[in-house]
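Undergrad: One structure, as structure tokens, below. Some questions next.
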Amino acid sequence: MLRQPFPPLNPQAQDALNRLLTDWEAASSKIKTLDCTFTLFEYDMVFNPEKPKIYKGDLKYENPDKGLYRYQNIDADGNPVGEYLEHWICDGKSIFEFNATKQQLIERPLPPELQGQGITNGPLPFLFNSKAETLKKRYWLRLVPPPQQHPDMVMLEAYPKFREDAANFRAAQLLLYIDGLRPYAVNLDLPNGKDRNVHIFADTTINDPLRVIKRSFDVPRLPAGWTRVVDNGQQIPQDFFKATATT
């Protein structure tokens, strides 16, 4: 287990954290489907911290284990253009990666113990119908003051307890609306200690059958000219939903 990065919480702070996690578990358990768009900011904190790369994407989720995550470059007007730079689909049994550079559709079958809960136990499980006790077992957690411009929100900070999770991020800060505990944004400090990613979510709908199309999670068709690759290593890619948050 990794060392706790901050002093142990006092009883009052621990009680507040426990209440938030319990309320969040209750709220997230009601989410059957979710559809949202997001803006992704990639910061190079060493060479260009003031000018992040900006992308537009969308996220779909169906409880408990189906998801779609993808994003594109933007044009001068901020509209998404071109091929998807990242594109993942999880149908509950496998994770499919569209690798445009190699023109490969890579299938990674989920091991039996992750089928039915593949997204919940992915690199960012606290964003997908997670359990309070599971979160406390995997992460050092605390509440911290939200930015002044967001008085209607609460901010949760998370640090991995184990090296497996630390391979995905060093620290995470999640902004949640106080009303309904819907995530608004997530910041990830990446393992290299130099970069960070920020996702901000918008246009969110929950439990709307017209917005989350069931076919979104079907086994994808092979694009023309591409090859299909099956990776039986049964390992979830570290960058699967690497910085996503449901809203």
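Undergrad: Which of the residues spanning the stretch 73-87 are open to solvent by less than 30 Å² (accessible area, probe 1.4 Å) and either assigned to a loop (DSSP other than H, G, I, E, B) or at pLDDT below 90 (or both)?
TA: At the first step, the residues of the stretch 73-87 found to be open to solvent by less than 30 Å² (accessible area, probe 1.4 Å) are 78, 87.
Hit for the stretch 73-87 is GLY78, nothing else.
Undergrad: May I pose another question? State which residue is modelled with the lowest pLDDT when the search covers only the stretch 112-122 and only residues that are assigned to a loop (DSSP other than H, G, I, E, B) and open to solvent by 10 Å² or more (accessible area, probe 1.4 Å). Let's see the steps before the verdict.
TA: Our first condition is that a residue be assigned to a loop (DSSP other than H, G, I, E, B); within the stretch 112-122, this holds for 115-122.
Add one more test, that the residue is open to solvent by 10 Å² or more (accessible area, probe 1.4 Å), and what stays is 115-117, 120-121.
Values: GLN115: 71, GLY116: 67, GLN117: 62, THR120: 57, ASN121: 53.
This residue is ASN121.
Undergrad: For the stretch 32-47, what are the residues that are among the β-branched types (Val, Ile, Thr), open to solvent by 40 Å² or more (accessible area, probe 1.4 Å) and closer than 22 Å to LEU181 by Cβ? Explain how you work it out, then say what you get.
TA: So in the stretch 32-47, the residues among the β-branched types (Val, Ile, Thr) come out as 33, 37, 39, 46.
Next, only the ones that are open to solvent by 40 Å² or more (accessible area, probe 1.4 Å) stay: 37, 46.
Matches in the stretch 32-47: THR37 only.
Undergrad: If you scan the stretch 11-33, which residues turn out to be part of a helix (DSSP H, G or I) and within 17 Å of THR205 (Cα to Cα)? Spell out the reasoning first.
TA: Pass one, the stretch 11-33, residues part of a helix (DSSP H, G or I): 11-28.
Once the filter is applied, which keeps residues that are part of a helix (DSSP H, G or I) and within 17 Å of THR205 (Cα to Cα), the stretch 11-33 yields ALA27, SER28.
Undergrad: Same structure again: Can you confirm whether GLY67 is modelled with pLDDT of 90 or more, of a type in the set (Gly, Ala, Ser) and assigned to a strand (DSSP E or B)? Lay out the reasoning, then the answer.
TA: Working: modelled with pLDDT of 90 or more: no; of a type in the set (Gly, Ala, Ser): yes; assigned to a strand (DSSP E or B): yes.
Taking the combined requirement at face value, the residue does not satisfy it.
Undergrad: Moving to a separate point now. Are there any pairs, at least 6 apart or on different chains, whose C-beta atoms fall under 9 Å, with the first in the stretch 69-89 and touching a residue at least 12 places away in the same chain (Cβ under 8 Å) and the second among the aliphatic types (A, V, I, L, M) and open to solvent by 70 Å² or more (accessible area, probe 1.4 Å), and if so, which?
TA: Listed pairs, sorted by first residue: ARG70/LEU85; TYR71/LEU85; GLN72/LEU85; ASN73/LEU85; ILE89/VAL219.
Undergrad: In the stretch 128-175, which residues are at pLDDT below 95, open to solvent by 40 Å² or more (accessible area, probe 1.4 Å) and among the hydroxyl-bearing types (Ser, Thr, Tyr)?
TA: Within the stretch 128-175, just THR134 meets the criteria.
For (1) surrounded by fewer than 14 Cβ atoms within 10 Å (Cβ to Cβ); (2) among the polar types (S, T, N, Q); (3) in contact with a Ser or Thr (Cβ under 9 Å, 6 or more places away or on another chain); (4) within 24 Å of ALA167 (Cα to Cα), each residue gets a yes or a no:
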position	(1), (2), (3), (4)
LYS30	yes, no, no, no
PRO49	yes, no, no, yes
LYS56	no, no, yes, no
TYR69	no, no, yes, yes
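Undergrad: Kindly list, by first and then second residue, each pair from a residue in the stretch 128-150 that is basic (Lys, Arg) to a residue that is in a loop (DSSP other than H, G, I, E, B) and modelled with pLDDT of 90 or more, limited to pairs with Cβ atoms under 7 Å and residues at least 6 apart or on different chains.
TA: Going by the 7 Å Cβ cut-off, the qualifying pairs are ARG138/LYS161; ARG138/PHE162; ARG142/PHE6; ARG142/LEU9.
Undergrad: Where in the stretch 177-247 are there strands (runs of 3 or more DSSP E), lying fully within it, with 1 or more residues that are among the acidic types (Asp, Glu), open to solvent by 50 Å² or more (accessible area, probe 1.4 Å) and at pLDDT 90 or above? Steps first, please.
TA: Values: elements: 183-189, 195-206, 227-230.
Answer list for the stretch 177-247: 195-206.
The values are calculated or read from the model by the stated rules, or taken from the named source; none is laboratory data. Fair warning: this is a prediction, and the values are worked out from it, not measured in the lab. Here Cβ is always computed from backbone atoms with ideal geometry, including for glycine, and neighbour counts include all displayed protein chains. Heavy atoms of the whole protein, side chains included, go into the accessibility calculation; ligands, DNA and RNA do not. Shrake-Rupley method; radii C 1.70, N 1.55, O 1.52, S 1.80 Å.
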